[in-house]
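Just below is one structure, and these are the notes that go with it.
The values are calculated or read from the model by the stated rules, or taken from the named source; none is laboratory data. Remember, it's a predicted structure, so these values are computed and weren't measured experimentally. Please note: Cβ atoms are built from the backbone with ideal geometry, for glycine as well, and neighbour counts cover all protein chains shown.
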Amino acid sequence: MRGHIPSYRLTSPASLGDALDVLAREPGIWQPFAGGTDLMVLLESGKLPHKNYLNIWNLAELRGIEVSTAHIMLGALTTYTEVQSDPILREEFPMLCQAASETGGLAIQNRGTLGGNIANASPAADSPPALLAYDAEVELVSLNAARWVPYHGFHTGYKQMIKRPDELLARIRLPRVSKKLHHYYRKVGTRKAQAISKVCLAATARIYEGTVEEVRIALGSIAPVPLRCVQTEDALRATRLEPGSIEKAKAALAREIVPIDDIRSTKDYRVRVSLNVLEDFLVQLAPDRDVRSDE
Ligand SMILES: Cc1cc2nc3c(=O)[nH]c(=O)nc-3n(C[C@H](O)[C@H](O)[C@H](O)COP(=O)(O)OP(=O)(O)OC[C@H]3O[C@@H](n4cnc5c(N)ncnc54)[C@H](O)[C@@H]3O)c2cc1C
């Protein structure tokens, strides 16, 4: 049943400074409210805690996409629609655009924000694997300080993160890469659209003469947090892509992920699909495509 609206308070600060002042005075009492696409689901089901909400939707300081030689920087309020329509993101960070295009329907894409997707901290969210594979950093701001932290390590446990209650997520920074990278993004859900992921894999790699020079692999829905699979990356780095190395990488991934049974899928299905999708990524990278294992 829907939450009782008069039990909630919503305040709309005029500036980022005002918002941070509210959070500094009463940390933990006020919760940011961005696009509201996650929070309103909780409200409708009567599960939204009776807290005070800080409407950050109108804060211009948290909007916009800036480009420098080294980075592309996205305000936390950047919507999925804005991500998809940015030409540099489409050219250099296609997996983020694909994640955005496969998130909800048009209404959600117009209102849902990247910052909200990160701070909601769902292990099944779709942009975190892409952000991990692109080695993103996030900026956390409080009244008197700002800090950039690697997104890898931001989530510390199920729905846990290093962000303090007096901090807002302000910006997301993606390092630009001049050398050619391969990008692979695959969301597996019940349907092709409007589905929450059962497994989601994002990966980048640089291959030189059949050998993996650099690789980053991240998965969603297979652990309590969106997971950067560093052991699988280690198993692949500096190896030639051939059936043996692909099998070793799959074995490393099987050890690294910790999926569970839940209403959307089973642990066994998630393991199997994760390994299949990893193999699909690696087969596409191989100069000689005939490296798929017979299993
Ligand atoms: C029908 C539907 C379909 C959906 N489909 C998908 C999907 O396919 N894939 C997917 O990943 N998600 C999906 N979602 C979830 C949701 O749309 C996204 O997680 C969205 O990005 C949340 O952004 P928001 O701005 O609406 O967050 P909000 O609902 O406003 O906030 C979410 C959480 O983040 C916190 N927060 C928000 N912004 C900040 C900030 N700047 N600093 C600190 N904390 C902040 C809030 O306090 C809250 O805890 C779907 C939701 C719906 C209702």
Note to self: Checking the structure you have, find out if any residue of the stretch 39-50 is touching a residue at least 24 places away in the same chain (Cβ under 8 Å), surrounded by 14 or more Cβ atoms within 10 Å (Cβ to Cβ) and not hydrophobic (A, V, I, L, M, F, W, C).
What the structure shows: no
Next item on the list: Identify the residue in the stretch 169-195 that is in contact with a Ser or Thr (Cβ under 8 Å, 6 or more places away or on another chain) and within 11 Å of the ligand (Cβ to nearest atom) and, among all such residues, is farthest from ARG264 (Cα to Cα).
Entry: ILE172
Margin query: Within the stretch 100-113, does at least one residue satisfy the condition of being over 25 Å from TRP148 (Cβ atoms), modelled with pLDDT of 95 or more and over 18 Å from the mean Cα position of the chain (by Cα)?
Written below: yes
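Show me the strands (runs of 3 or more DSSP E) found entirely inside the stretch 160-259 where at least 2 residues are touching a residue at least 24 places away in the same chain (Cβ under 8 Å) and of a type in the set (Lys, Arg).
Of the strands (runs of 3 or more DSSP E) lying wholly inside the stretch 160-259, those with at least 2 residues that are touching a residue at least 24 places away in the same chain (Cβ under 8 Å) and of a type in the set (Lys, Arg) span 168-175, 182-188.
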Item checked: Members of the stretch 196-229 found to be farther than 28 Å from GLY104 by Cα and within 12 Å of the ligand (Cβ to nearest atom), listed by number -> none
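Are any residues in the stretch 5-45 assigned to a strand (DSSP E or B) and either within 11 Å of the ligand (Cβ to nearest atom) or not aliphatic (A, V, I, L, M) (or both), and if so, which ones?
ARG9, THR11, TRP30, GLN31, PRO32, PHE33
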Next item on the list: Give the residues of the stretch 206-254 that are basic (Lys, Arg) and over 30 Å from GLY157 (Cβ atoms), sorted by residue number.
Entry: ARG206, ARG240
Notebook entry, point to check: In the stretch 152-160, is there at least one residue being under 28 Å from ARG264 (Cα atoms) and β-branched (Val, Ile, Thr)?
Noted result: yes
